[in-house]
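Structure first, commentary second.
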Amino acid sequence: AYTALLSAEKSINVSVSSKDTAGMLRILSGLIDPVSKFFDDVMVMDEDQQKRANRLAILKRFDKLFKLIGDFEKIVVV
């Protein structure tokens, strides 16, 4: 997940600066599998405080990346 995050962060900055919405969404959609695997395979709230802090930091970076595009919490499906 971390490698995918690093790659997406580099790519998304180019798409954001050029206002390439399709490119941004393509980059984000490429994160579906790595993020799903992260939540399936990794115990974020590990007892080891260092592991926990690192994993929470990764999630914060994913959140920041998604918020470059928009506030997905405001999307309502009816």
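When the residues of the stretch 28-69 are filtered to those that are surrounded by 13 or more Cβ atoms within 10 Å (Cβ to Cβ) and not hydrophobic (A, V, I, L, M, F, W, C), which remaining residue is nearest to SER11 (Cα to Cα)?
Ranking the qualifying residues of the stretch 28-69, first place goes to GLY30.
Pull up the stretch 1-26, narrow it to residues that are open to solvent by less than 100 Å² (accessible area, probe 1.4 Å) and β-branched (Val, Ile, Thr), then point me to the one that is nearest to the chain's Cα centre (by Cα).
At the first step, the residues of the stretch 1-26 found to be open to solvent by less than 100 Å² (accessible area, probe 1.4 Å) are 1, 4-9, 11-18, 20-25.
Now narrow it down to the ones that are β-branched (Val, Ile, Thr): 12, 14, 16, 21.
Working: ILE12: 11, VAL14: 16, VAL16: 15, THR21: 16 Å.
Filtering first and then ranking leaves ILE12.
When you go through VAL35, VAL44, VAL14 one by one, which is the residue that is at negative phi and part of a loop (DSSP other than H, G, I, E, B)? Lay out the reasoning, then the answer.
Numbers: VAL35 fails: part of a loop (DSSP other than H, G, I, E, B); VAL14 fails: part of a loop (DSSP other than H, G, I, E, B).
Going through VAL35, VAL44, VAL14 in turn, the sole match is VAL44.
The values are calculated or read from the model by the stated rules, or taken from the named source; none is laboratory data. Note that the structure is predicted; figures quoted are calculated from it, not measured. Neighbour counts run over all protein chains shown; Cβ positions are idealised from the backbone, glycine included. Keep in mind that these areas ignore ligands, DNA and RNA; they rest on the heavy atoms of the full protein, side chains included. Shrake-Rupley method; radii C 1.70, N 1.55, O 1.52, S 1.80 Å.
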